Amino acid sequence: MVVITRDAKLPIARSAAIDAHGRFEQALFTLFASLLGAPRDRAGIVFFRISSAPTRTKMLESLLKKTHGNKYKVYWSGSEPDAKNGLIHHIRQLDHQRNEFVHWHVAGEIYGGGEIPIVSREVLSAAQFLAQVR
């Protein structure tokens with residue numbers, strides 16, 4: 001007997017991650033508007049037109065420096081020997097993970113059973129997976 005399982009946990013977790021990142025972007029937008037000194041409705045016109053996360057993060061870094069100088073540099077950029085402990089580094093990591101959740105595909109992975117598949121499960125697969133196979 002062949003058992004094929006369809007589990008909704010991965011699509012639900014993926015959806016929750018995308019939703020959480022939307023709330024994270026809303027927090028970044030609030031910071032952007034505050035640093036720019038602009039009303040939220042006007043700041044939103046600019047912020048939400050920026051589709052490049054690295055560009056948006058670089059703009060936030062520039063606004064932070066322009067507004068506060070080096071006062072919060074260690075907090076935002078990390079200490080000199082290890083910039084990986086700064087908040088900007090973590091923002092970049094979250095943006096990268098968001099791209100994986102959004103642009104990767106839920107794919108079936110079949111395993112076990114030799115010639116006859118015994119079980120399959122859903123996994124996130126990078127979009128370039130098919131290009132690597134060819």
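Using R0 = 35 Å, the C-beta based FRET efficiency linking residue 10 and residue 70 works out to 0.20.
For every other residue with a beta carbon closer than 10 angstrom to the beta carbon of residue 57, add +1 if it is Lys or Arg and -1 if Asp or Glu, then tell me the sum.
+1
Along its first, second and third principal axes, ordered by size, region 9-133 spans 64, 39, 26 Å in Cα coordinates. Taking 0.36 nm per residue of separation and subtracting the Cα-Cα distance, full extension of the segment from residue 90 to residue 63 would add 7.9 nm.
Relative contact order, percent, of region 9-133 when contacts are C-alpha pairs under 8 Å separated by at least 6 residues?
Computed over region 9-133, the figure is 19 percent.
Since every read-out is calculated from the coordinates, none of them should be taken as a lab result. Note that the structure is predicted; figures quoted are calculated from it, not measured. Virtual Cβ from ideal backbone geometry, glycine too; neighbours counted across all protein chains shown.
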